[in-house]
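Quick note: the coordinates plus some simple rules give every number you see, no bench work behind them. Bear in mind that the values here come from a model prediction, so they are computed numbers and not experimental data. For neighbour counting, all protein chains shown are included, and Cβ atoms are generated from backbone atoms with ideal geometry for every residue, glycine included.
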Amino acid sequence: GYAGFWDDFIGTGAGTWPAAQHYAYPATQGTGTEVIAVTTAAISGVLTVTTGANDNDTASQTLGLHWRGTEGLYMIARAKMGSLSDAKMEIGLTDALTGVQIINAKTTPTFIATDLATFIFDSDHNTELAFITAAAGVVGANGVSALTMDTNHHVYEIVVQGGQASGWVDGMLAGGGAITSTAPLTPNVVSVTRTTAAKSVSLDYWGVVGPRYS
């Protein structure tokens, strides 16, 4: 009765990432010369999205618009930033496969996506990890996580039920707010460099599950 997926990023295909992998991810996405790659010898498997080396270059990856609040969904990811200096990370849910970044400004949120629920860190704005939602382009939540951000792995969880989304990081509630219940959503991860050096975000695993469409 559930539609779900889990990826530990184990194995490397004979073709070019990501087309030859187990899940049919979209083509590599970003502005600049991004690199989306599974690390061959990583213990337990790792996917890393790495930007080019020009200011505001981006790298991102999504999966598919297969879940929504009407049925309810749960997302989990274990991820880490390569650097907190001059860097931005987004990890969560969005309503588009090819938008790359989904939040344009963090402190007083403005959006690129229309419906979203995401964790975001952006050194251009402040040193805090936030959980932000948007419903039809309008801010639903803008909460600050209790986590002191660092470059270690952290577990990010998002629950969407109806028109509400809530987020937890390492088991701590980071906040919640409105999202459009009927908007199909995909998991996404984004890395942005705020300087002339490449920046990365690495996923140890991610997954999403929700009831099948009725």
Revision key, fill the gap. Hull volume per residue for the range 46-150, using the convex hull of the C-alpha atoms, in Å³ is 116 Å³
**Study point:** Total formal charge among the other residues, if their Cβ is under 12 angstrom from that of Ile120, Lys/Arg +1 and Asp/Glu -1
**Key:** -2
Practice item. Output ³J(HN,Hα) for the range 161-174: one whole-Hz value per residue in order, computed from phi by the Karplus curve 6.51 cos²θ - 1.76 cosθ + 1.60 with θ = phi - 60°, and x for Gly and Pro. Key: 9, x, x, 10, 10, 9, x, 10, 10, 6, x, 9, 5, 9
Exercise for review: Can you pull the one-decimal nm distance between simple spin-label points at Thr108 and Tyr213, each 7 Å off the Cα toward Cβ?
Suggested key: 4.0 nm
Review point. What residues qualify as long-range amide H neighbours of Ser83, i.e. H under 5 Å apart, gap of 5 or more or another chain, H built at 1.01 Å from N?
Key: Ser200
Practice item. Please give the direction-averaged projected area of the C-alpha convex hull for the range 133-176, in square nanometres with one decimal. Key: 3.4 nm²
Check your understanding: Taking θ as phi - 60°, what are the ³J(HN,Hα) couplings along the range 36-50 by the Karplus curve (6.51, -1.76, 1.60), each to the nearest whole Hz, with x for Gly and Pro?
Key -> 10, 8, 8, 6, 4, 9, 6, 5, 6, x, 9, 10, 10, 10, 10
Study note, to complete from the structure: In nm, the gap between the two label points placed 7 Å beyond Cα toward Cβ at Thr98 and Thr182 is 2.5 nm
Revision key, fill the gap. Kirkwood Rh for the range 86-128 from C-alpha pairs, in Å, is 10.6 Å
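Cβ under 15 Å from Ala135's Cβ, Ala135 left aside: what net charge do those residues give with Lys, Arg +1 and Asp, Glu -1?
Net charge in that neighbourhood comes out at -1.
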Practice item. Mind ranking 108-114, 131-137 by how tightly packed they are, going by the mean number of other C-beta atoms within 10 angstrom, highest first? Key: 131-137, 108-114
Review point. Distance from the Cα centre of the range 155-172 to that of the range 54-124, in angstrom?
Key: 14 Å
Point to revise | Rg and Dmax of the chain, Cα atoms only, in Å | key: 15.8, 49
Exercise for review: Could you pull out every residue, at least 5 positions away or on a different chain, whose amide H is within less than 5 Å of the one on Arg194? Hs are placed 1.01 Å off N in the peptide plane, and Pro or chain starts have none.
Suggested key: Asn56, Ala87, Lys88
